[in-house]
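Chemist: Right, I'll just put the structure down here and ask away after.
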Amino acid sequence: DTEVTQTPKHLVMGMTNKKSLKCEQHMGHRAMYWYKQKAKKPPELMFVYSYEKLSINESVPSRFSPECPNSSLLNLHLHALQPEDSALYLCASSQEKRGGSYEQYFGPGTRLTVT
Amino acid sequence: AQSVTQLDSQVPVFEEAPVELRCNYSSSVSVYLFWYVQYPNQGLQLLLKYLSGSTLVKGINGFEAEFNKSQTSFHLRKPSVHISDTAEYFCAVKRTSGSRLTFGEGTQLTVNP
């Protein structure tokens, strides 16, 4: 099973709202990722968690707040977003190995629209 | 740092024709190479990967790719495409150490009847 699940599938929120995106995997992967993807562009890395600890933050604005409650779950908390934050948000996971990781498996994404 | 160049942004082909999507990479260290496919309004699906060993890699849906270290290329091929292969294809590279994937800009494959 190479499935990564994400909820919700679609989300519309106002600029003053607080919402959360959720991601789950049961492959025993210890690395999890958040990406942002704009139309017709490749995914852009936002955050990486390794063994439930934040290992990479790509200078993402503080209105995006990641959380990794356990090895299977990854959340992205959203607050005071801007219209330009509208995008497809993808979660991914990978098996860790010594000094790095292998291939990443992606979820179906959450289509976020900020109004 | 690594970089990936997908040489064609759009590739139109007719159904049952062969197709090659080209990918060149640049890296000063050993890398892993991947091809992902993205259908409209979906996430990325791993088509195939090169980690080590045989340079000819077979993936899902009848796709294959060949790793050429001297030409730093990892071209994706399929001998006969279907309408359902219409999608965006991303080539990606990752250092053998580390977690960061570097993507190419993508190639839109459109299969026409």
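The values are calculated or read from the model by the stated rules, or taken from the named source; none is laboratory data. In this text the structure is predicted, and so the values were computed from the model without any measurement. Because the Cβ atoms are built from the backbone with ideal geometry, glycine has one as well, and the counts that use them run over all protein chains shown. Surface accessibility is based on the protein's heavy atoms, side chains included, excluding ligands, DNA and RNA. Shrake-Rupley method; radii C 1.70, N 1.55, O 1.52, S 1.80 Å.
Chemist: Once phi is turned into ³J(HN,Hα) by the Karplus curve 6.51 cos²θ - 1.76 cosθ + 1.60 with θ = phi - 60°, what whole-Hz value does each residue of region B:75-88 show in order, with x for glycine and proline?
Modeler: After applying 6.51 cos²θ - 1.76 cosθ + 1.60, I find 7, 9, 9, 9, x, 8, 8, 10, 3, 5, 7, 4, 4, 9 Hz.
Chemist: Under 8 Å for C-alpha pairs, at least 6 residues apart: give me the relative contact order for chain A, rounded to a whole percent.
Modeler: On the way: 293 pairs, mean separation 42.1, N = 115.
Here the relative contact order equals 37 percent.
Chemist: Give me the residues in region A:72-111 whose solvent-accessible area, probe 1.4 Å, is reduced by at least 40 Å² once all protein chains are included instead of the chain isolated.
Modeler: By number: A:Ser101, A:Tyr102, A:Glu103, A:Gln104, A:Phe106.
Chemist: Skipping prolines and chain starts, which residues have an amide H placed within reach, meaning under 5 Å, of the one on B:Val31, given they are 5 or more residues away or on another chain?
Modeler: When sequence neighbours closer than 5 places are left aside, the close amide H contacts are B:Thr96.
Chemist: Related question: How many Å² of accessible surface get buried when B and A come together, counting both sides, probe radius 1.4 Å, rounded to the nearest 100? Please list the in-between numbers first.
Modeler: Details: alone 6310 and 6490 Å², together 10990 Å².
Accessible area lost upon association: around 1800 Å².
Chemist: Sticking with this structure for a sec: Lysines within cross-link reach of A:Lys53: Cα-Cα under 21 Å, excluding same-chain residues under 8 positions apart?
Modeler: Qualifying lysines at Cα under 21 Å: A:Lys22, A:Lys36, A:Lys97, B:Lys94.
Chemist: Kirkwood Rh over Cα pairs of chain A into Stokes-Einstein at 4 °C, 1.567 mPa s: D in µm²/s?
Modeler: Numbers: Rh = 14.1 Å.
The Stokes-Einstein estimate is 92 µm²/s.
Chemist: Averaged over A:32-41, how many beta carbons belonging to a partner chain fall within 10 Å of each residue's beta carbon? Display every interim value, and only then the final one.
Modeler: Values: counts 0, 3, 0, 4, 0, 4, 0, 0, 5, 4.
The shielding value for this peptide is 2.
Chemist: Also: Shielding of B:44-56 by partners, i.e. mean partner chain Cβ atoms within 10 Å per residue?
Modeler: Numbers: counts 12, 4, 5, 0, 1, 2, 0, 2, 0, 0, 0, 0, 0.
For this peptide, the per-residue mean of nearby foreign Cβ atoms is 2.
Chemist: I'd like the distance separating the alpha-carbon centroids of region B:75-92 and region A:12-39, in whole Å.
Modeler: Computed from Cα coordinates, the inter-centre distance equals 27 Å.
Chemist: Okay, moving on. How many Cβ atoms of partner chains, on average, are near each residue of B:99-108 if near means within 10 Å of its Cβ? Show your work: numbers first, answer last.
Modeler: Numbers: counts 15, 7, 10, 2, 7, 1, 3, 4, 0, 1.
Per residue, the average neighbour count from other chains is 5.
Chemist: How many Å² of accessible area per residue for region A:13-115, probe 1.4 Å? If you can, show how the numbers build up before the last one.
Modeler: Numbers: 4690 Å² over 103 residues.
Value for region A:13-115: 46 Å² per residue.
Chemist: A follow-up question, please. Once neighbouring chains are kept in place and the probe is 1.4 Å, which whole percent of the accessible area of the protein assembly as shown is contributed by carbon and sulfur? List each step's numbers first, then the result.
Modeler: Working: 5360 of 10990 Å².
Roughly 49 percent of what the probe reaches on the protein assembly as shown is carbon or sulfur.
Chemist: Here is a follow-up. Taking Rh as the Kirkwood radius computed over C-alpha pairs, what is the Stokes-Einstein D of chain B at 20 °C in a medium of viscosity 1.002 mPa s, expressed in µm² per second? List each step's numbers first, then the result.
Modeler: Values: Rh = 14.1 Å.
Translational diffusion coefficient: 152 µm²/s.
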